[in-house]
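Visitor: The structure follows.
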Amino acid sequence: MTIAIYAGSFDPITNGHLDIIKRASALFDKLIVGIYDRPRKSLLFTIDERVNLAKEAVKHMKHVQIISYSGLTVEFAKKVGASVMVRGLRMSSDFEGEFEMAMMNKKLSPNLELVCFMTSLQYQFLSSSLLKEVSQLGGCLEGMVPEHVAVALTNKFA
Ligand code: ADP
């Protein structure tokens, strides 16, 4: 049984993330979406809010589990028995950072394999930070996030 993790801050989960989750969950026996509790960036949603938004978004998906974690992602992977780490790659801008992180993770945990999914064309320019800005300025988020996430964003900025 191959278990994969897809880790990130998911502040909040977007349709770009969900596209990767759907595609990855079709390849592995189990996909664990790890929500990092304290990333080095300012967050809009609390860890409980991010977990609940993600849980609601994947509730119809079999083999997908949402778990929050703290500390090193490779340690989280070990703890849940994952042998694969999934990442999503947008255009060239993600590549350098992802490459650097992949090298470090390989050093820390040589047996954990990295599988990167190229982002689908319609989500190439979608990022949680950009959509938070658009939402704050009253822009329409149609097609970018699930309905319940759009509502949560609107409530945050109300
Ligand atoms: P992090 O804080 O690790 O960047 P994110 O929640 O921003 O966490 O992203 C988690 C993962 O999802 C990363 O691999 C990121 O590249 C990927 N990702 C983010 N946005 C998209 C998108 N629009 N399409 C596909 N993958 C994405």
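The values are calculated or read from the model by the stated rules, or taken from the named source; none is laboratory data. No experiment lies behind these values; they were computed from the predicted model shown. Here the Cβ is made from the backbone with ideal geometry for all residues, glycine too, and neighbour counts use every protein chain on show. Just the protein is used for accessible areas: all its heavy atoms, side chains included, with ligands, DNA and RNA removed. Shrake-Rupley method; radii C 1.70, N 1.55, O 1.52, S 1.80 Å.
Visitor: Looking at the stretch 106-137, which of the residues that are within 28 Å of S83 (Cα to Cα) and away from the ligand (no atom under 12 Å from the Cβ) is most open to solvent (accessible area, probe 1.4 Å)?
Guide: Only one residue fits best here, namely K107.
Visitor: Here is a follow-up. Out of the residues in the stretch 53-62 that are open to solvent by 50 Å² or more (accessible area, probe 1.4 Å) and free of Cβ contacts under 8 Å to residues at least 60 places away in the same chain, which is nearest to the chain's Cα centre (by Cα)?
Guide: K55
Visitor: Sticking with this one: Kindly provide the set of residues from the stretch 3-26 that are more than 8 Å from the ligand (Cβ to nearest atom) and either open to solvent by 10 Å² or more (accessible area, probe 1.4 Å) or closer than 22 Å to G81 by Cβ (or both), ordered by number.
Guide: I3, A4, I5, L18, I21, K22, R23, A24, S25, A26, listed by residue number.
Visitor: Now, a different point. Contact list please: Cβ distance under 8 Å, first residue in the stretch 14-39 and within 21 Å of Q124 (Cα to Cα) and among the acidic types (D, E), second residue near the ligand (Cβ under 9 Å from one of its atoms) and in a helix (DSSP H, G or I), pairs at least six apart or on different chains.
Guide: From residues that are within 21 Å of Q124 (Cα to Cα) and among the acidic types (D, E), the pairs are D19/Y123.
Visitor: Could I ask something else about it? Out of the residues in the stretch 106-130 that are hydrophobic (A, V, I, L, M, F, W, C) and not in a helix (DSSP H, G or I), which is farthest from D11 (Cα to Cα)?
Guide: Taking the candidates together, the pick is L112.
Residue-by-condition table, conditions (1) in contact (Cβ under 8 Å) with a residue 40 or more places away in the chain; (2) closer than 18 Å to D37 by Cα; (3) touching a strand residue (DSSP E or B) at 6+ places or on another chain (Cβ under 6 Å):
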site: V64; (1), (2), (3): yes, no, yes
site: Y69; (1), (2), (3): yes, yes, yes
site: L72; (1), (2), (3): no, yes, no
site: S83; (1), (2), (3): yes, no, no
site: D94; (1), (2), (3): no, no, no
site: L112; (1), (2), (3): no, no, yes
site: S120; (1), (2), (3): yes, no, no
site: K132; (1), (2), (3): yes, no, no
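Visitor: I want to confirm something. Restricting to the stretch 42-52 and keeping residues that are farther than 14 Å from S68 by Cα and free of Cβ contacts under 8 Å to residues at least 40 places away in the same chain, which single residue is surrounded by the fewest Cβ atoms within 10 Å (Cβ to Cβ)?
Guide: The selected residue is S42.
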